[in-house]
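The values are calculated or read from the model by the stated rules, or taken from the named source; none is laboratory data. Note that the structure is predicted; figures quoted are calculated from it, not measured. Neighbour counts run over all protein chains shown; Cβ positions are idealised from the backbone, glycine included.
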Ligand SMILES: Nc1ncnc2c1ncn2[C@@H]1O[C@H](COP(=O)(O)OP(=O)(O)OP(=O)(O)O)[C@@H](O)[C@H]1O
Ligand SMILES: [Mg+2]
């Protein structure tokens, strides 16, 4: 049994909520587990569409989330990983090639490292930094390798990579907000990369799949084909937009529309009685309006359908050869809507399932809550072989992580 005693702290500064978790990765019986030690959340301040506008204000939310989790000032030796999302996180596919150095033509780790280094040669704007260089495929003399190219024989090795970038100002603001809240960030990870890697199965990645996280301010997507990531991006739409649209139609305050979205929406048209009516507080006289729940549900379903169609079109535009044979996996707070998978299947004509982090015992509901996928996956990210392609080539069954939460304070 190997146990990494050092806890990890994960932070997800979302548009609506700032969530934090503390956990440990535990290796037992040839499997890795994540012990979730604590969870907490607080409303986000000064975050628009996933982007921190004012780090001083955002720091209050981070601090409040630490306090909610009961970890403020605790676990001083913990590594701190922060997730980042939003439309400013963009991706590009790059390639690099290296001549095989050994006389007998055997490809070495050094050759592959040189090919990966060569793939990083893209010129980034001065105010942009690379977050991840993820391996897509390796080739030796133009022939694609199923796994690592190390040990194969040839003249040249090529690395096809997926590079995810973020504006330096966005990462600096995230670091600053966490710093003011009392911690140093050790690593910044793309939320959607971490989440898709934690949630998708090898088979889905192999067949072609689109991972979609619909949050409050953004819809983040990651597409996989042939076993590896080929596209990530973010659309500036989410639950907030549904709330704004409802408010415009009903002339009702945003908090009322937010609770209609959270409590009344259903992806199955049979999930509500079309004739059911309710009184909704509205602006003006007489201050209340009788509305049909079916009509509200139709508006919400239409908006979600548009977001899903936008996500599919964006992925197809960026990667036209994508097949999506394994369909769509959906997460984020909006994916809490009952029967959203049915709605998404109707709209996209693809198989759809909800994204979850597998949890084995206690507090299983947190792993099943699509709104927590992004946060928990940040805890898992460092253990994922995709983030350490050469050192940790594990068989697929060993790279699936299981979670063992112990206790926590996650609430809606
Ligand atoms: N049961 C529900 N049905 C539909 N929508 C819901 C439900 N519960 C929460 N939401 C919506 O989910 C959104 C919040 O999702 P999430 O917590 O993933 O966002 P975030 O991480 O703060 O934002 P982002 O990822 O966009 O920066 C809100 O718009 C909220 O109204
Ligand atoms: Mg989010």
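Those residues that are in a strand (DSSP E or B), within 16 Å of ligand 2 (Cβ to nearest atom) and at pLDDT 95 or above, I need them from the stretch 1-21; list them, please.
First, the residues of the stretch 1-21 that are in a strand (DSSP E or B): 2-3, 8-13, 17-21.
The next check asks that each one be within 16 Å of ligand 2 (Cβ to nearest atom); those that pass are 10-13, 17-21.
10, 11, 12, 13, 17, 18, 19, 20 - these are the residues of the stretch 1-21 that are in a strand (DSSP E or B), within 16 Å of ligand 2 (Cβ to nearest atom) and at pLDDT 95 or above.
Among 260, 235, 250, 246, which is touching a strand residue (DSSP E or B) at 6+ places or on another chain (Cβ under 7 Å) and without any contact (Cβ under 8 Å) to a residue 60 or more places away in the chain?
Working: 260 fails: touching a strand residue (DSSP E or B) at 6+ places or on another chain (Cβ under 7 Å); 235 fails: without any contact (Cβ under 8 Å) to a residue 60 or more places away in the chain; 246 fails: touching a strand residue (DSSP E or B) at 6+ places or on another chain (Cβ under 7 Å).
So the residue among 260, 235, 250, 246 that is touching a strand residue (DSSP E or B) at 6+ places or on another chain (Cβ under 7 Å) and without any contact (Cβ under 8 Å) to a residue 60 or more places away in the chain is 250.
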**Fill in**
Counting only residues that are at positive phi and within 16 Å of ligand 1 (Cβ to nearest atom), the stretch 313-358 contains a total of 2
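Quick one: in the stretch 220-230, of everything that is closer than 11 Å to residue 330 by Cα and in contact (Cβ under 8 Å) with a residue 40 or more places away in the chain, which residue is surrounded by the most Cβ atoms within 10 Å (Cβ to Cβ)? First the steps, then the outcome.
Start the filter on the stretch 220-230 by keeping residues that are closer than 11 Å to residue 330 by Cα, which leaves 220-222.
From what is left, the residues that are in contact (Cβ under 8 Å) with a residue 40 or more places away in the chain are 220-221.
On the way: 220: 29, 221: 24.
Checked the stretch 220-230; the qualifying residue surrounded by the most Cβ atoms within 10 Å (Cβ to Cβ) is 220.
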**Request:** List the number of the failed condition for residue 266; all other conditions in (1) within 13 Å of ligand 1 (Cβ to nearest atom); (2) under 26 Å from residue 50 (Cβ atoms) hold.
**Result:** (2)
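Return yes when residue 276 is away from ligand 2 (no atom under 16 Å from the Cβ) and closer than 24 Å to residue 342 by Cβ and no when it is not. Break it down into steps so the answer makes sense when it comes.
Working: away from ligand 2 (no atom under 16 Å from the Cβ): yes; closer than 24 Å to residue 342 by Cβ: yes.
Judged against the criteria, residue 276 is a match.
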**Prompt:** Has the stretch 325-341 got any residue that is over 21 Å from residue 368 (Cβ atoms) and either assigned to a helix (DSSP H, G or I) or in contact with a strand residue (DSSP E or B) (Cβ under 7 Å, 6 or more places away or on another chain) (or both)?
**Reply:** no
**Message:** Going through 111, 104 one at a time, which residue ends up being buried (at least 22 other Cβ atoms within 10 Å of the Cβ), over 25 Å from residue 168 (Cα atoms) and either within 16 Å of ligand 2 (Cβ to nearest atom) or without any contact (Cβ under 8 Å) to a residue 60 or more places away in the chain (or both)?
**Reply:** 111
**Complete:** Flagged in the stretch 275-301 as under 36 Å from the mean Cα position of the chain (by Cα), surrounded by 15 or more Cβ atoms within 10 Å (Cβ to Cβ) and assigned to a strand (DSSP E or B), in numbering order, are 280, 291, 292
**Request:** For the stretch 197-219, indicate whether the set of residues that are more than 19 Å from residue 353 (Cα to Cα), within 14 Å of ligand 1 (Cβ to nearest atom), touching a residue at least 60 places away in the same chain (Cβ under 8 Å) and touching a strand residue (DSSP E or B) at 6+ places or on another chain (Cβ under 7 Å) is non-empty.
**Result:** yes
**Request:** Test residue 246 against the criterion of being part of a helix (DSSP H, G or I), closer than 13 Å to residue 297 by Cβ and near ligand 1 (Cβ under 9 Å from one of its atoms), and give yes or no.
**Result:** no
**Message:** Looking at 352, 359, can you tell me which residue is modelled with pLDDT of 90 or more and in contact with a helix residue (DSSP H, G or I) (Cβ under 7 Å, 6 or more places away or on another chain)?
**Reply:** 352
**Prompt:** Does the stretch 362-383 hold any residues that are away from ligand 1 (no atom under 12 Å from the Cβ), out of contact with any strand residue (DSSP E or B) (no Cβ under 8 Å at 6 or more places or on another chain) and either modelled with pLDDT of 95 or more or not in a helix (DSSP H, G or I) (or both), and which are they?
**Reply:** 362
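Confirm whether residue 223 is in contact with a helix residue (DSSP H, G or I) (Cβ under 6 Å, 6 or more places away or on another chain) and closer than 17 Å to residue 371 by Cα.
Working: in contact with a helix residue (DSSP H, G or I) (Cβ under 6 Å, 6 or more places away or on another chain): yes; closer than 17 Å to residue 371 by Cα: no.
For residue 223, the condition - in contact with a helix residue (DSSP H, G or I) (Cβ under 6 Å, 6 or more places away or on another chain) and closer than 17 Å to residue 371 by Cα - is not met.
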**Fill in**
Counting only residues in the stretch 48-80 that are within 19 Å of residue 165 (Cα to Cα) and crowded, with 22+ Cβ neighbours inside 10 Å, the one farthest from ligand 1 (Cβ to nearest atom) is identified as 52
**Request:** Test residue 185 against the criterion of being surrounded by fewer than 23 Cβ atoms within 10 Å (Cβ to Cβ), touching a strand residue (DSSP E or B) at 6+ places or on another chain (Cβ under 6 Å) and at pLDDT 95 or above, and give yes or no.
**Result:** yes
**Request:** Mind telling me which of the residues 227, 238 ends up being under 18 Å from the mean Cα position of the chain (by Cα) and more than 7 Å from ligand 1 (Cβ to nearest atom)?
**Result:** 227
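Yes or no: the stretch 22-38 includes at least one residue that is crowded, with 24+ Cβ neighbours inside 10 Å, within 16 Å of ligand 1 (Cβ to nearest atom) and modelled with pLDDT of 90 or more. Full working, then the answer.
Within the stretch 22-38, the subset crowded, with 24+ Cβ neighbours inside 10 Å is 22-23, 34, 36.
Restricting the remaining residues to those that are within 16 Å of ligand 1 (Cβ to nearest atom) gives none.
The answer is no, given that none of the residues of the stretch 22-38 is crowded, with 24+ Cβ neighbours inside 10 Å, within 16 Å of ligand 1 (Cβ to nearest atom) and modelled with pLDDT of 90 or more.
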